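Notes follow the structure.
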């Protein structure tokens, strides 16, 4: 079965990795000094630290502090070639990746780490009104909407319009939704009040709308309850058991009730990239490819699917969550399988996800951390969260810059990245 | 003549300032505690430190370090109302400013500080191929073009195409052109070389094209010569006496000769905003309004034109340069005239521009500074330039952040803001 052994001895084994997210770059890193040739393909020129993207959307961090050029990450790795391009399909029979410009690239092993986008559960028409948060552009677009909503409220013609502009609905109360709601509430309560002359930004309504029965569904009940109380203290209105039935330019509909609001942010669901379609793999409900226990595609042992695009369950049978540590573990595992094959060593034991814990912040002073047996909340959890995230940022400069932005924001109450760009004019 | 004295005593004198650049915000600052009501209108939500914009375009600084929300600048000034809106005209007879949404705002005094855009000397069709540098969006667009050019060179299909992508033409050798050329040369020579596998970025051609006989026309000859030599040492090719006769998607034409290049940046000329048209004022060649010696519009003593939109000459009869210190002096002067009128004091002496000096950097280690009798060049001038610019940045945080970005770039050779955003795909 080890198809890679047919390689000639003078051409190194060629591994194509599609996607420069957590899974893809971890795989490339774990293949260091493996004697292989790697081509890393991404349609963006940067790796993005998605766990902090919500802070760009809410004016805490500037974009460049959480994104790094892929080329720089692998500058000293002469075995890695970075390619800025878009993959449009795979030809597994002849082992080729097809790019949007028609170029075909052959591979010996292929690692698909193409991630996920947000999903509207079949209501894709909602996207223009309720943007989700996955890319740098998504974040600057949401930042622009939030800041423009306050601007338009300031010049609103009547009280109804003003109220609609000062109502913000966040759909989905997972970590991203909770984090967005907390920061937007702080923006309205603490950062902006003195800056407007015709509105009181403290009167803004921040709605956190969740179809399920609690906030932070993946956390222990007492942490969920704590998070709910902490959000309510910041002024967030939490609406549980409230599936959204409509999103439009004017607001949202919950069951039969309409709520007028001009800013809606989607943090409710994700849909895997089409990687599974490229190779004709079976898919789960979220579009993730069903993979073998070594993360390879069932019919193509030389193709691996890692990160948010793979459907994997943990020992208890629960789906592995779509978080950075899970993606990294899968990327490293795929590298390990490839290394073993190249060295003619026995295949590693099947992939097993090790859950480190769940973390979420509530505003700039509190957080919840659920490490299974150890559960912490409040300011201490915030520091744990902050230190963990700074540790995992790439590069000394980013660590320093993010720490500085946070400390500055913490002590002065000012946010540093409040630019409205891309829009010449509010409408 | 003092029309403002007709105001009623219980409504404070209302001053509308259009434009939140150096002239506009200086005017608002100089009117502190003047007992007036100020409305500051800008179509953007931020004040931009334009002298450092070229560093955003060339990946040295992230956008948020050189732009600040106007609202925050005047947060504690209860007499200042900030309005994010676009002015489309003036009705001087009835003293109203007209906004794009049809709203009319009345004023007692009006300060027009609407600045300038780049100008193609009648060849506006060149703009798509040769973008200029005036806004944050301009800077990120140029940054994207520069970075994508290297990406496309890496995957170019033949040597000619590769050469065109690795040729960068900067049109105009004033301070902006010189600064852009120096940093792009350093990017190609020192920052990027190790990151590409198929091209040698050090072979990139950086052309600095100037119609006149020397670089930095406003500087003393020995400083111009030094700048030219320093640029040539960085690998920049300087083409003097070379007016551009055509810009297209394929390159530039100089006289009869075509040069294939995929990246063209326009740093050659500026054109004032249409403020002069709004009030029917006479205009100079660059579209600037001819003003009275107190910076007021000839027919409307209550309207002032300040900054890049006003045509003013110094004592020697030379046009006042379009630089930040000049704009600030004019903004402060208009405030002084208004204050004197309100206090029924004698009008101040006519506006007189005090030239502090000219500064320009060449790459990250050298600069030229021309203070008239004191002329310095080399690394010392770079430190003078750096300290001056940090001093004039607004806010402790920005000063710290910019200083840190520069020191980091200086010592590590890495640039911090190398994101390609806004483009999903290179074409």
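Anyone know which of B:202, B:354, B:78 comes out most mobile in the 10 Å Cα GNM of chain B? Judging by the Gaussian network model, the answer is B:78. The overall shape of segment A:28-128, judged from the alpha-carbon gyration tensor, is oblate: a/c is not under 1.5, and a/b is no greater than b/c.
Determine the distance separating the Cα centre of segment A:84-117 from the Cα centre of segment A:11-34; give it in Å without decimals. Cα centres, segment A:84-117 to segment A:11-34: 14 Å. Inter-copy label distances at residue B:292, shortest first and taken from points set 7 Å along Cα to Cβ: 8.8 nm. Distance between the C-alpha centers of segment B:152-194 and segment A:357-427? Whole Å please. Here the answer is 37 Å between Cα centres. The antiparallel fraction among DSSP beta bridges confined to chain A stands at about 50%. Sorted from closest to farthest, the other copies place their residue B:220 label points 7.4 nm away, with each point set 7 Å from Cα along Cα→Cβ. Subtracting the Cα-Cα distance of residue A:344 and residue A:414 from 0.36 nm times their residue separation leaves 19.5 nm of extension gain.
Annotation: the residues A:262, A:345, B:233, A:134, sorted from fewest to most other C-beta atoms within 10 Å of their own C-beta, follow the order A:345, B:233, A:134, A:262.
With its label point defined 7 Å out from Cα along the Cα-to-Cβ axis, residue B:378 lies at 6.1 nm from the matching points of the other copies, in increasing order. Per-residue shielding of B:43-51, expressed as the average number of other chain Cβ atoms within 10 Å of the residue Cβ, stands at 3. Please say if chain A is rounded, prolate or oblate, where rounded means a/c under 1.5 for a ≥ b ≥ c the square roots of the C-alpha gyration tensor eigenvalues, and otherwise the choice is prolate for a/b larger than b/c and oblate otherwise? Prolate, because a/c is 1.5 or more and a/b exceeds b/c. When chain A is turned onto chain B, its residue with the beta carbon nearest the axis, and that distance in whole angstrom, is A:62, 2. Kindly express, to the nearest 10 degrees and within the range 0 to 90, the angle between helix B:175-186's C-alpha long axis and the longest C-alpha principal axis of chain B. For B:175-186 against chain B, the angle is about 30 degrees. Among B:182, B:20, B:241, the largest mean-square fluctuation in a Gaussian network model of chain B, built with springs joining Cα atoms closer than 10 Å, belongs to B:241. Largest GNM mean-square fluctuation among B:159, B:185, B:211, using chain B with Cα springs under 10 Å: B:159. Assuming a ≥ b ≥ c are the square roots of the Cα gyration tensor eigenvalues, decide whether the protein assembly as shown counts as rounded (a/c under 1.5), prolate (otherwise, with a/b larger than b/c) or oblate. Oblate is the answer for the protein assembly as shown, as a/c is 1.5 or above yet b/c matches or exceeds a/b. For helix B:136-154, report the angle its Cα long axis makes with the longest principal axis of the Cα atoms of chain B; keep it between 0 and 90° and round to the nearest 10°. Approximately 10 degrees, to the nearest ten.
Annotation for segment B:123-144 versus segment A:255-303: alpha-carbon center distance of 38 Å. For residue B:374 and residue B:123, the FRET efficiency from 1/(1 + (r/R0)^6), where r spans their Cβ atoms and R0 equals 45 Å, is about 0.70. Counts of other chain beta carbons within 10 angstrom of each beta carbon in peptide B:66-75 average 5. Averaged over residues, the count of other Cβ atoms within 10 Å places the peptides A:323-329, B:204-210, B:96-102 in the sequence B:204-210, A:323-329, B:96-102, highest first. For chain A, the mean residue ellipticity at 222 nm estimated from helices alone is -9000 deg cm²/dmol, where every DSSP H run of n ≥ 4 contributes -39500 (n - 2.57) and the total is divided by all residues, rounded to the nearest 500. Counting Cβ atoms of other protein chains within 10 Å of each Cβ in B:407-418 and taking the mean gives 3. Specify the angular offset, from 0 to 90 degrees and rounded to the nearest 10, of the alpha carbon long axis of helix B:221-233 from the longest principal axis of the alpha carbons in chain B. On a 0 to 90 degree scale, this one is about 40.
Coordinate-derived values only; no laboratory data. Fair warning: this is a prediction, and the values are worked out from it, not measured in the lab. Glycine also receives a Cβ, built like all others from the backbone with ideal geometry; neighbour counts cover every protein chain displayed.
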